């Protein structure tokens with residue numbers, strides 16, 4: 001089945017550590033996105049990529065980094081510079097033509113311990 | 001940047017009652033999308049509205065786009081416990097979607 005796979009489902013990070021969240025899609029979508037969701041809140045855009053080897057900052061990019069070396073993959077690194085990283089991280093993708101919305105992965109819950 | 005206000009933030013209904021959430025923008029929208037997120041889950045795309053005054057139905061869900069394309073609503077008739085979750089509207093910004101703050105729906109049996 002086509003879809004987006006995020007791993008791990010749960011992740012615990014110590015203070016000062018960098019961690020990388022994986023996002024892989026087999027939908028042949030060009031565009032991929034990373035959103036952050038805090039409890040009881042909406043979705044805020046961290047980074048997005050419309051094409052391989054190109055990406056743009058979203059509204060809350062500070063303390064995060066991404067890469068887009070392959071069409072299928074868009075990993076997100078949460079660096080030690082992100083002061084409040086505990087949140088639910090959602091990866092999404094979209095194809096050409098619109099009308100079908102974004103497809104989301106099942107998310108990664110990151111907790112700082 | 002593009003912003004959308006969504007109301008109410010939260011609504012608790014008895015099963016069988018109707019429910020409506022509203023999404024409002026200060027600027028004219030090219031289109032609007034609606035998503036549902038079950039508790040503990042991820043957002044799932046429901047529908048996209050594009051035309052002024054457009055009304056679309058999916059079983060008990062009715063979606064409407066305002067004539068001025070500045071607001072939209074999602075109405076659920078005769079809610080069921082399976083309708084529990086948070087409903088988000090989302091609008092297209094430059095190459096990306098901007099999500100509303102969501103309306104959390106709780107349905108008591």
Does residue A:80 count as out of contact with any strand residue (DSSP E or B) (no Cβ under 8 Å at 6 or more places or on another chain), more than 14 Å from residue A:31 (Cα to Cα) and more than 14 Å from chain B (Cβ to nearest Cβ)?
-> yes
Could you count how many residues in region A:77-104 are surrounded by fewer than 22 Cβ atoms within 10 Å (Cβ to Cβ) and under 11 Å from the mean Cα position of the chain (by Cα)?
-> 2
Looking at region B:88-108, is at least one residue surrounded by fewer than 18 Cβ atoms within 10 Å (Cβ to Cβ) and more than 14 Å from chain A (Cβ to nearest Cβ)?
-> yes
Odd one out for residue A:12 among (1) more than 13 Å from every other protein chain (Cβ to nearest Cβ); (2) surrounded by 15 or more Cβ atoms within 10 Å (Cβ to Cβ); (3) assigned to a strand (DSSP E or B) | (2)
Considering every residue within region B:65-81, establish whether at least one is more than 14 Å from chain A (Cβ to nearest Cβ), under 29 Å from residue A:9 (Cβ atoms), assigned to a loop (DSSP other than H, G, I, E, B) and over 13 Å from the mean Cα position of the chain (by Cα).
-> yes
When the residues of region A:28-38 are filtered to those that are more than 9 Å from chain B (Cβ to nearest Cβ) and under 17 Å from residue A:106 (Cβ atoms), which remaining residue is surrounded by the fewest Cβ atoms within 10 Å (Cβ to Cβ)?
-> A:29
Qualifying residues in region A:40-58 (those that are touching a residue at least 24 places away in the same chain (Cβ under 8 Å) and within 17 Å of residue A:87 (Cβ to Cβ)) - the one nearest to the other protein chains (Cβ to nearest Cβ) = A:43
What number of residues in region B:42-56 are at the interface with chain A (Cβ under 7 Å from one of its Cβ atoms) and outside any strand (DSSP E or B)?
-> 1
Does residue B:61 satisfy being without any contact (Cβ under 8 Å) to a residue 24 or more places away in the chain and in contact with a helix residue (DSSP H, G or I) (Cβ under 9 Å, 6 or more places away or on another chain)?
-> yes
Inspect all residues belonging to region A:61-70 and state whether any of them is farther than 26 Å from residue B:102 by Cα and either loosely packed, with under 14 Cβ neighbours inside 10 Å or within 12 Å of chain B (Cβ to nearest Cβ) (or both).
-> yes
Residue tally, condition within 13 Å of chain A (Cβ to nearest Cβ) and either buried (at least 17 other Cβ atoms within 10 Å of the Cβ) or under 26 Å from residue A:4 (Cβ atoms) (or both), over region B:5-20 = 1
Just need a number here: residues in region B:25-53 that are modelled with pLDDT of 95 or more, buried (at least 18 other Cβ atoms within 10 Å of the Cβ) and farther than 30 Å from residue A:108 by Cβ.
-> 1
Looking at residue B:85, is it touching a residue at least 24 places away in the same chain (Cβ under 8 Å), buried (at least 21 other Cβ atoms within 10 Å of the Cβ) and over 25 Å from residue B:26 (Cα atoms)?
-> yes
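The values are calculated or read from the model by the stated rules, or taken from the named source; none is laboratory data. These figures come from a predicted structure and were not determined experimentally. So basically every Cβ, Gly included, is an ideal-geometry build from the backbone, and we count neighbours across all protein chains shown.
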